[in-house]
1. Go through region 76-96 and give me each residue that's assigned to a strand (DSSP E or B) and more than 27 Å from Arg161 (Cβ to Cβ).
2. Looking at (1) in contact with a strand residue (DSSP E or B) (Cβ under 9 Å, 6 or more places away or on another chain); (2) buried (at least 22 other Cβ atoms within 10 Å of the Cβ), find the lone condition where Ala466 falls short.
3. Quick check on this structure: which one of Arg214, Arg194, Arg199, Arg204 is basic (Lys, Arg), modelled with pLDDT of 85 or more and touching a helix residue (DSSP H, G or I) at 6+ places or on another chain (Cβ under 7 Å)?
4. Pairs, please: C-beta under 7 Å, at least 6 apart or cross-chain, first residue free of Cβ contacts under 8 Å to residues at least 24 places away in the same chain and in region 730-745, second aromatic (Phe, Trp, Tyr)?
5. It is to be established whether one or more residues within region 42-65 are open to solvent by 20 Å² or more (accessible area, probe 1.4 Å), over 30 Å from Val262 (Cα atoms), at pLDDT below 70 and touching a strand residue (DSSP E or B) at 6+ places or on another chain (Cβ under 9 Å).
6. Does any residue of region 571-591 turn out to be open to solvent by 10 Å² or more (accessible area, probe 1.4 Å), touching a Leu at 6+ places or on another chain (Cβ under 6 Å) and outside any strand (DSSP E or B)?
7. Which of the residues that make up region 709-763 are within 30 Å of Ala411 (Cβ to Cβ) and open to solvent by 30 Å² or more (accessible area, probe 1.4 Å)?
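The values are calculated or read from the model by the stated rules, or taken from the named source; none is laboratory data. Quick caveat: nothing in here was measured; it's all calculated off a predicted structure. With ideal geometry, Cβ positions are generated from the backbone for all residues, glycine too; neighbour counts draw on all protein chains shown. All accessible areas refer to the heavy atoms of the entire protein, side chains included, with ligands and DNA or RNA removed. Shrake-Rupley method; radii C 1.70, N 1.55, O 1.52, S 1.80 Å.
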Amino acid sequence: MIFDALFFRQFRRNALLSLVTIAAIALAVAVLTAIELANASAARAFADADSHLHDRIGIQIVGSAPFDERGIARIATQPGVVAALPITEDQLLIEGPEPEIVRAVGVDSLARLPIDAEFRNERPGPFSDGGRVQSALFAGGAIVSARLAAHAGASLLVRARGARIRVQIAGVLPAGRAGADSSTVFFDIASAQRLFGKRGVLDRIDLIVDAGERRALVARLPPLVPRGTQAIDTVDQRAAVGTLRDAFTHDLDALAAVALLVAALLVANAGAIGVVQRRPEIGILRALGAERGQIFRAFLAEGMTFGAFGALFGVIAGVALAGLAARALGIAVDPSPDPLLLILCWTIGVVLAMLAAVYPALIAARTPPAIAMRSTGFEGSSSSRAKVFGTIGGVLLLAGATFAAFSNPTAGGFAAIAVIIGSVCLVPSIVDGSSRAFGQVADRRSAAARLAAANLGVTPARIGVAVASLAIAIALGASVAIVIASFQSTMLAWANATLRADIVVSVPPGTGLSSALLGRLRALREVAHVDSKRTTNVPFRGSLVRLDAQNLERGASGLRIVSGGIPSDREAIVVSERFVAQFHVGLGERISLVTSRGPVPLRIAAIAADYENAIGVITLDTKTDRFLFGEREATSASVVMRSGANPIVVRTQLAHAAGELPIRLETTAELRASIVALFNGVFVAAAGLGFVAIAIAILGVTSTLYALIAERRTEIELLRVLGLRVRGVRSMVLYEAGMIGIVGAAIGMTLGLCLALIVLFAIDRPLFGWTIGLHVPLGTLAAIAGAVIAAALAAGLYPAHVAARLLVRDAVRSE
């Protein structure tokens, strides 16, 4: 009964405020749902992807030469081995106007086909058999890149072991496929063994293992693996991919939390406005015997009702938004989302709305009947409360700075929370001060501007909620933009430093690139220069770390130095940031490395950025490596082509120069482009979700202005009696909207910069061991600020129209 009297009449009288509240909850829950669905899809994609994503492969069994495949049976039955996947690799010559040597990989097509291939089952011949691509591969078909398919049509004419064979194209990989450049061709392993004369032998075995058994398996496998092979633990070296994913999902979850906070502020603001507008009804109900608890429960039920409908619409919208975000990330979304996840998101929305309704419900329940039945103001002693909240805000900002200084992820999280809440507490004082500043500026303009500035200071707490929600949303967008720009600039700088070569030549473990071969590579006409590198794993403090030996005399080729300088003596080395974080060492310290000469102390002369290896990398000069370990052949070479050279032609020349040596060739241009595309997709999705939060806050500006106009109805009508024209009323409201936008943008930009600094340096760096250089995109931030101020003005159009329609005769009649 009480709920009906308070809720339904208010809904009919102020439908806009109610709809805006529902929309705010819906948008926040949509962001939450989209993020959780996208994260779940990303997790499934990483879990289900084939070994080229490197995430499930825990151990690889490799040798310097092909080995007997019969050993796979006893390995596959070992405890902890989930699956043993046979692999064979070789090179294949594709004939045509421009012959090309490509990398051919034989995989178990029943276990792990490239999951995102576009299968060509409509092709005539033995491949149109009801849609089972395995039969196409069993018959000798291949899965190729989009680039090769575009030139080949339905089949490829290839040469293997001197014989010419036509290979049907059974599937096409999209461009930018992770782990495989456009010069990689996949076959079923049996077909590959027949094609290359490797019946009964393998080049590699990939083991998918139980995480808890991995280290025990590494120790148990050596006597079980085929002769001439070794078991290599690959998880530590490849865990950085998962770390990057965790970093991104971590930041997305934070984005969802901020969007929910913005929605909660708007729900609380709408509830407080509703209390003011329904004070007469509350007074009547209290005078008729309604208890405080009944009033409190009625307003709480109102919040729950708004939350139920808003969260329902939000979950529906979130499913659609997840599809858009996942497509930007290149992730396949499950067409049947987990119902429990959707119910959880809906429940969070309802609980959020109920918690946000507690404050206005308490105000309504504590209001005495006599006061409630008066047409009094809402805020009372706003000046004293603003000072109290300002003091609290200052203390919280100081606490946030202290937490951030600890450079600990947990402390960083507390720092972000303290800074956000502290900024919110300071908003009423900032609004009050801004009112006076705008008043001084408005003296030179018009009466409408002066009235707008005065109105801003009359209800600083009420307007402060709209400003605070707008500021938090802007801070979210600004911090995302800064983090985006910082990640992009850092990753591009790292990619340019580490991927300077046009083509990378590598060999299987146990083999090497001889000096003679390197000489032949350098002698090729299309090659500008070749840098060689020796990569091995060495023990260090109970872990295996990667040791790279390369020529550092010409500079840090392939390294991005973040501190220190290039080693100039035989006892100096370069270590990666992950190495520093993992083993708690620093610049200038000496570490002991086990070498052929025994333990040798080496000085850390520089620290380099590295986003690939989760344990760490040590880099030293080839002369130092030769002194410590003796003469050793290189395991890879970075080839830089001459200007205008065709990479496909150079790849083929490199393969011919290698002769019978099984080398692997990777074109870095495609890898660099895929890195850029990956981060662009990730950050476009994140930025889009950030702007959704700003849209939520803009709704709050509309609802606040509309409610304030309703509360100041008599005042506006009297202003009309005193000579303020319709145009002046409209201008007054628009000035007020613009002032809210300006103050919100100023606070939001400052808060956004603080949050970005906390995320980059107090959370991500200690959590993931990365140094992300700060890059503030001034142009982007200016565009965000301008767009928000324009949106705030647009949000004031309808309230201004409503205010302009108030009639003079109503004011005269009421007086």
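1. Narrowing region 76-96 to residues assigned to a strand (DSSP E or B): 81-94.
Listed by number, the residues that qualify are Val81, Val82, Ala83, Ala84.
2. Only one criterion in (1) in contact with a strand residue (DSSP E or B) (Cβ under 9 Å, 6 or more places away or on another chain); (2) buried (at least 22 other Cβ atoms within 10 Å of the Cβ) is unmet by Ala466, namely (1).
3. So the residue among Arg214, Arg194, Arg199, Arg204 that is basic (Lys, Arg), modelled with pLDDT of 85 or more and touching a helix residue (DSSP H, G or I) at 6+ places or on another chain (Cβ under 7 Å) is Arg199.
4. Partner pairs satisfying both residue conditions: none exist.
5. yes
6. Checked against the condition, which is being open to solvent by 10 Å² or more (accessible area, probe 1.4 Å), touching a Leu at 6+ places or on another chain (Cβ under 6 Å) and outside any strand (DSSP E or B), region 571-591 yields at least one hit.
7. Answer for region 709-763, where residues must be within 30 Å of Ala411 (Cβ to Cβ) and open to solvent by 30 Å² or more (accessible area, probe 1.4 Å): Ala746, Met749, Thr750, Leu753, Cys754, Leu757, Val759, Phe761.
So that you can scan it fast, the table gives a plain yes or no per residue for (1) charged (D, E, K, R); (2) open to solvent by less than 50 Å² (accessible area, probe 1.4 Å); (3) assigned to a helix (DSSP H, G or I); (4) at pLDDT below 85:
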residue: Ala606; (1), (2), (3), (4): no, yes, no, no
residue: Glu612; (1), (2), (3), (4): yes, no, no, yes
residue: Thr624; (1), (2), (3), (4): no, yes, yes, no
residue: Ala637; (1), (2), (3), (4): no, yes, no, no
residue: Val650; (1), (2), (3), (4): no, yes, yes, no
residue: Gln653; (1), (2), (3), (4): no, no, yes, no
